[in-house]
Amino acid sequence: MKTNKIKKCLFPAAGYGTRFLPTTKAIPKEMLPILTKPLLQYGVEEAIEAGMDTMAIVTGRGKRSIEDHFDISYELEHQIKGTSKEHYLTEIRSVIEKCTFSYTRQVEMKGLGHAILTGQTLIGDDPFAVVLADDLCDNEGKSVLTQMTEIYAKYPDCCIVAIEEVPQEDTNKYGIIAGELLEHNLYKVYDMVEKPDPKDASSNLAIIGRYILIPEIFKVLETTPAGKGGEIQITDALLTLAKQGKVLAYKFEGKRFDCGSVDGFVEATNYFYKKA
Ligand code: UTP
């Protein structure tokens, strides 16, 4: 039976992470820690908090440590059991217990849209969330994904993208939307452009790494040509659905750190250190 509840979350994690070279030669960007926890675990915990239990991860070459992280290490469990250090494993044990993980590989890095299409084999024909783990979100109240699933429950025929206001000079780093206000903090999108020049950008409302997508997106992605940077862009595919009135943009409550950049990574580290 079809339900409007989102149970599946896709994590595209196949990118090269060039901004973190040389570390990302052998360590996936998604495994970089903020304090003691890798970025991807924060993302998975956010998805669990939003009621999801099926984690689908698109990986690539050199990303095996991701699979090992979300699995039991019997040797370690044996060594640490009953010692004062056991609490260090509490969070990851709970994550592993609460959900299932499946993986597929993106063989060629042809962009985020292509990575999401690669994940179709794990997602099937259900609505699903997408988390880009290098965008680390935090909120005192409901998590960003929880806020988005609540909106989706109200608009189950639409995709939802999370947006935030960015300085006008930064529009060329994001997908930028134009939309009409539907209700508080929620826009109906009529246009979206990937990384527009600041002088051409129709707004400063930037898409960040949280999406709720309807399965129709896969069909659109199959025929979406390469766009900006020669990559298949999720923004271009979403534009096709936006023209049919099927994309909403939600200005979320909370903080977002761009941990794919060194500045954002340091900022997040300081923020979580102070909070701990
Ligand atoms: P980014 O644009 O941050 O690219 O990807 P990147 O390769 O990870 O990092 P830089 O720019 O080289 O430093 C946004 C998200 O999309 C995923 C990345 O893993 C990241 O989560 N992605 C991107 C893929 O999974 N496959 C791709 O082909 C491209």
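Key figures
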| quantity | calculated |
| --- | --- |
| Set of lysines with alpha-carbon distance to K7 below 26 Å, sequence-local pairs under 8 removed | K29, K37, K63, K98, K142, K154, K188, K219, K246, K251, K255 |
| Taking M55, M192 and counting other C-beta atoms within 10 Å, the order from fewest to most | M55, M192 |
| q = 0.10, 0.12, 0.15, 0.18 Å⁻¹, the stretch 102-231: log10 I(q)/I(0) [Debye, one scatterer per Cα] | -0.34, -0.50, -0.81, -1.18 |
| Principal axes of the chain: Cα extent on each, largest first, Å | 58, 45, 38 |
| Distance-filtered residues of the stretch 232-276 - backbone nitrogen under 12 Å, label point 7 angstrom along Y16 Cα→Cβ | none |
| Set of aspartates and glutamates near K5 by C-alpha distance (under 18 Å), chain-local residues within fewer than 8 positions excluded | E45, E46, E49, D53, D125, D126, E150, D157, E216 |
| Most to least packed among 220-233, 159-172 [average Cβ atoms within 10 Å] | 159-172, 220-233 |
| Spatial separation of Cα centroids for the stretch 141-168 and the stretch 233-259, in angstrom | 8 Å |
| Residue-count net charge about E150 - beta-carbon cut-off 12 Å; Lys, Arg +1, Asp, Glu -1 | +2 |
| Tilt relative to the chain, helix 39-49 - C-alpha long axis, 0 to 90 degrees, to 10 | 80 degrees |
| Value of [θ]222 nm, deg cm²/dmol, for the chain, DSSP H segments ≥ 4, -39500 (n - 2.57) each, nearest 500 | -8500 deg cm²/dmol |
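Where a number appears in this text, it was derived from the coordinates with a stated rule and is not lab data. This is a predicted model, so every value here is computed, not measured. Quick reminder, even Gly has a Cβ in these numbers, built from the backbone with ideal geometry, and neighbours come from all protein chains shown.
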